[in-house]
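Chemist: Below is one structure. I have some questions about it.
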Amino acid sequence: METDQKFVEDVVRAIVNNPADVKTTRIIDERGVLITLDVNPADMGYVIGRQGQTARSVRTLLKIVGAKNNARVNLKINEPEGGRGPNPRGAMDSSAPIDTSAVDNLEI
């Protein structure tokens, strides 16, 4: 296993609840090295972080590891099956009934 790939696996395993489910693949092409990351769907929030900050930080550190080895390294995080679903970011489903019982008898 290459240094950059091992780095990603070690960092991600340290922050997730299911470290055994962390898998990476490494592909080299004309644009550089691409490391693809797969994690347990329940751990996706830990890997991405608030507003993507954790993923951005891992990518920044990975670029430094790559630069040390004279390689351009990128990280792709695979979204699990059914990852976002019909309501990304917790948006409300407009077809769901809304409970108005608390204000039904309100007299103004």
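Where a number appears in this text, it was derived from the coordinates with a stated rule and is not lab data. Keep in mind it's a predicted model, so treat the numbers as computed, not measured. Reconstructed Cβ throughout: ideal geometry from the backbone, glycine too, with neighbour counts over all protein chains shown.
Chemist: Taking the C-alpha atoms of the range 1-56, how large are the radius of gyration and the largest Cα-Cα span, Dmax, in Å?
Modeler: Just the Cα atoms of the range 1-56 yield Rg and Dmax of 11.7, 35 Å.
Chemist: Something else about it: Could you go through the range 16-29 in sequence order and give the Karplus-derived ³J(HN,Hα) for each residue, using 6.51 cos²θ - 1.76 cosθ + 1.60 with θ = phi - 60°, rounded to whole Hz, and x for Gly and Pro?
Modeler: Values per residue, Gly and Pro as x: 9, 8, 10, x, 5, 8, 7, 9, 10, 10, 10, 10, 10, 9 Hz.
Chemist: Please enumerate, by chain and number, the aspartates and glutamates with C-alpha under 19 Å from the C-alpha of K76, excluding those fewer than 8 residues away in the same chain.
Modeler: Of all the aspartates and glutamates, those that pass the test against K76 - Cα under 19 Å, at least 8 places apart if same chain - are E2, D4, E9, D10, D21, D29, E30, D38, D43.
Chemist: Looking only at the range 3-81, where both bridge partners belong to it, what percent of the DSSP beta bridges are antiparallel (to the nearest 5)?
Modeler: Counting DSSP beta bridges with both partners in the range 3-81, the antiparallel share is about 60 percent.
Chemist: Enumerate by residue number the trypsin sites (Lys or Arg not before Pro) in the range 1-44 meeting two conditions: DSSP loop (anything except H, G, I, E, B), and at most 13 other Cβ atoms within 10 Å of the site's Cβ.
Modeler: Qualifying residues, ordered by number: R31.
Chemist: Quick check for you: which residues of the range 29-57 have the amide N under 13 Å from the point 7 Å beyond the Cα of D21 toward its beta carbon?
Modeler: Within reach of a label on D21: 38-47.
Chemist: Grab the Cα-Cα distance for A14 and Y46, subtract it from 0.36 nm times how many residues apart they are, and report the gain in nm with one decimal.
Modeler: 10.5 nm
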